[in-house]
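Working notes, beginning with the structure itself.
The values are calculated or read from the model by the stated rules, or taken from the named source; none is laboratory data. None of these values were measured; they are calculated from a predicted model. Heads up, the Cβs are rebuilt from the backbone with ideal geometry, glycines too, and the neighbour counts pull from every protein chain shown. The protein model used for the area step is the full one, side chains on, heavy atoms only, and it has no ligands, DNA or RNA in it. Shrake-Rupley method; radii C 1.70, N 1.55, O 1.52, S 1.80 Å.
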Amino acid sequence: MSDEVLLELRDVRKWFPVGQSVFDTFMGREPDNVRAVDGVSFGVPHGKVYGLAGESGSGKSTTGRLAVRLLEPTSGQVLFDGNDITMLSKEDMRSHRREMQVIFQDPFASLNPRMTLGEGIAHGLRIHNLTGSRAETRERVMDIMHRVGLTPPGTFYNRYPHQISGGQRQRVVIARALVLQPKFIVADEPIAMTDASVRAVLLDLMIQLKEDFDLTYLFITHDLATAKYICDTIAIMYLGRIVESGPLTQVYTNPQHPYTEALLAAVPVPDPRHRRDKPMPHGEIPNSINPPPGCAFHPRCPKAMDICRVQSPPLEQLDQASQVPPDQGHYTACWLYSDPEG
Ligand code: SF4
């Protein structure tokens, strides 16, 4: 089943209405929307790590929440294991909830400070009625603590979140997700709030657990160096849209979109002799209530042309002529590679 798509988003949008003033309502003005995600499509193959990267405000975290239906899409479809889960009732969604888990950025905020680590990990087992006795629950919790490196588990079981390190807290969060035996994990900046010294260790742990538990990840990060370490495929998001995607090595060695080029050029390199001198594109990511017309990146793009200011470029496969299958293709949304007439 290795190449089958486990999770698929089809033209998904998430627009959040912005509060209107009484005057706006009186004047009959349509409410504004924050277009957090604006027509995103991609598939995550079983057993792979699909990365979503971009600056803060790009829509990557909202996309992650839409993928597991922690948020309802404004339009579009989410398919999990071949089933359209977009319209499922809360009751029908319950069985999928267990199979789709999320690891959030801040482990301290994710854990209940009044529960011991053991109770916190066991909580989901109880909610989903996955064990037959207290002894079995404890056994499952001790086993998963061991698997994530909280060893010996007996010394962690009765501790509280404030009594352990940040790296250990993130291991607890990972254990709490994995004890439910999910198929799919959304990892939203899972190492961003941990010490630099433990980041590589946690990424190695996630890679090992992916193999051990046959997992599939949607890995969300603002850091392209982290993405390079763990992702098979990468999609770069800008203002709610994917602007470039493809196999990670392809995108990193041969970036096509000016935004991807700028992001990659800004990744710090350990050797100062090879430091790249291209700065990040000037300016801030624009407001997604009133995105710039045309290509949303044009106010920051050093290669912008006239058409970029009026017409939005489509996301097109660059290696189609080389007969690369669409699901393994390299895509970009940029007028440098598309024909406005075509
Ligand atoms: Fe730059 Fe134009 Fe390409 Fe947008 S479409 S990234 S503005 S060249």
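A compact table of results
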| item | result |
| --- | --- |
| The stretch 131-167: number of residues that are under 15 Å from Thr116 (Cα atoms) and over 28 Å from the mean Cα position of the chain (by Cα) | 12 |
| Enumeration of residues in the stretch 1-35 that are modelled with pLDDT under 95 and among the aliphatic types (A, V, I, L, M) | Met1, Val18, Val22, Met27, Val34 |
| Single residue of the stretch 56-96 satisfying the filter (surrounded by fewer than 18 Cβ atoms within 10 Å (Cβ to Cβ) and in a helix (DSSP H, G or I)) that is modelled with the lowest pLDDT | Ser95 |
| Matching residues in the stretch 234-262 - criterion: being in contact with a strand residue (DSSP E or B) (Cβ under 8 Å, 6 or more places away or on another chain), of a type in the set (S, T, N, Q) and surrounded by fewer than 24 Cβ atoms within 10 Å (Cβ to Cβ) | Gln256 |
| In the stretch 295-342, the residues that are free of Cβ contacts under 8 Å to residues at least 12 places away in the same chain, within 11 Å of the ligand (Cβ to nearest atom) and open to solvent by 50 Å² or more (accessible area, probe 1.4 Å) | Asp306 |
| Verdict on Pro292 being within 8 Å of the ligand (Cβ to nearest atom), under 26 Å from the mean Cα position of the chain (by Cα) and assigned to a loop (DSSP other than H, G, I, E, B) | no |
| Condition check for Met237: modelled with pLDDT of 95 or more and touching a helix residue (DSSP H, G or I) at 6+ places or on another chain (Cβ under 7 Å) | yes |
| Flag if Leu205 is farther than 15 Å from Leu52 by Cβ, surrounded by 15 or more Cβ atoms within 10 Å (Cβ to Cβ) and either touching a residue at least 12 places away in the same chain (Cβ under 8 Å) or touching a Lys or Arg at 6+ places or on another chain (Cβ under 8 Å) (or both) | yes |
